[in-house]
1. By Kyte-Doolittle mean hydropathy of at least 0.5 and Cα axial length of at least 27 Å, which whole DSSP H helices of the chain are selected?
2. Between A33 and A79, what is the label-to-label distance in nm when each label sits 7 Å out along the Cα-to-Cβ direction?
3. Please give the charge dipole size of the chain, origin at the Cα centre, charges +1 on K and R Cβ atoms and -1 on D and E Cβ atoms. Round to the nearest 20 debye.
4. Placing unit charges on C-beta atoms (Lys and Arg positive, Asp and Glu negative, everything else neutral), compute the dipole magnitude of region 147-239 about its Cα centre in debye, rounded to 20.
5. Among the chymotrypsin sites (Phe, Trp or Tyr not before Pro) within region 53-144, which fall in a DSSP loop and have no more than 10 other Cβ atoms within 10 Å of their own Cβ?
6. Of the chain, which part is the longest with no trypsin sites (Lys or Arg not before Pro) in a loop (DSSP not H, G, I, E, B) and with at most 11 other C-beta atoms within 10 angstrom?
7. Points 7 angstrom from Cα along the Cβ direction at F117 and I257: gap in nanometres?
8. Along the charge dipole of the chain, which of V236, G56, G148 sits closest to the positive end, that is, farthest toward it, with unit charges on the beta carbon of Lys, Arg, Asp and Glu (+1, +1, -1, -1)?
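A short reminder: the numbers here are calculations on the coordinates, not readings from a lab. Remember, it's a predicted structure, so these values are computed and weren't measured experimentally. Reconstructed Cβ throughout: ideal geometry from the backbone, glycine too, with neighbour counts over all protein chains shown.
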Amino acid sequence: MKLKLPNPIPDQLRPRPRRPGEGNGRKSAKDIAIESGRDAGISVVDWVDERTSVSGAARWAMFRKVPKGTNWFYTFGSATMFAFLSQAVTGVFLAMYYDPSPTRAYESTRHITNEVFLGEFVRGMHKWGSTVMMVLIFLHMGRTFFFGAYKYPREINWVVGVVLLVLTMVMSLTGYLLPFDQRSFWATIVADNINGTGPLLGPYLADFLRAGPEFGATTLSRFYAIHMLLVPGAIVALIAVHLYLVAKLGTTAPPWIKAEEPDELRTEKV
Ligand code: HEM
């Protein structure tokens, strides 16, 4: 027996009903092709939905009301996410050619830039993308701060955001060493020493990053592991939590929008 699910397809995907007088009853080959293409899409959605009930989750996440006054400032969060995705994709291609050994790292980076097909372009996207992501994350944080989105009931999402900001900075720090040229080498030694001056945990953190008493081969592999495995994994998990909370709590209305008084509370003005 076929399982009947309540309205498994969002209304937006359903073909609109024919208006009175529309068409002369005979369909052209093009119309038939379009219609069967659309029906095929719907049957696939139905087939998957019957087995997973995924449309409910998709509708919960995507079809929702947004507050009056929502504007372009609300796009910074999604833009940050897009920048992160672009970093992930370009990073995967760079990892196919990069070699994290102290004797090969610089040469492999040079090879990517000068010889690999589109290598300079992909490396440039990754390098400039990191700056773009930092700018966007600060704009997004500014928007949530100035719109008061850190207040009740969104405090936890603000804290998750702060951790995402720190992790994004760790990505920038660890990525900077990877070309292993003079600039990245000495700049990272400076950054590691600055970390070492932090209170209590500072010296331990600096030791952990250096991965040994001297800055060298083990430091590079440690930075590489943090840069391409540890931190991206944590960022993906935290973005999932962040978006779950955004979907659950909804977004804040801009501060200049006044809440409407519910009818039952409205008092007659005399
Ligand atoms: C990888 C970094 C981040 C990504 C991908 C991200 C993504 C998003 C997205 C897509 C939204 C919903 C749309 C919007 O309001 O823009 C959002 C909302 C929010 N984000 Fe982020 N975010 C990140 C970092 C941060 C940071 C650093 C903070 C603050 C410290 C933060 C705090 C918030 C808050 C409080 C909301 C709820 C906004 C509201 O209710 O109006 N996020 N985030």
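1. 76-95, 119-146, 155-177
2. 4.0
3. Dipole of the chain, to the nearest 20 debye: 980 debye.
4. Charge dipole of region 147-239: 240 debye, to the nearest 20.
5. Counting only loop positions with at most 10 other Cβ atoms within 10 Å, the chymotrypsin sites (Phe, Trp or Tyr not before Pro) in region 53-144 are F63, F117.
6. Longest stretch, sites excluded: 152-257.
7. Result: 4.9 nm between the two label points.
8. In the chain, that residue is G56.
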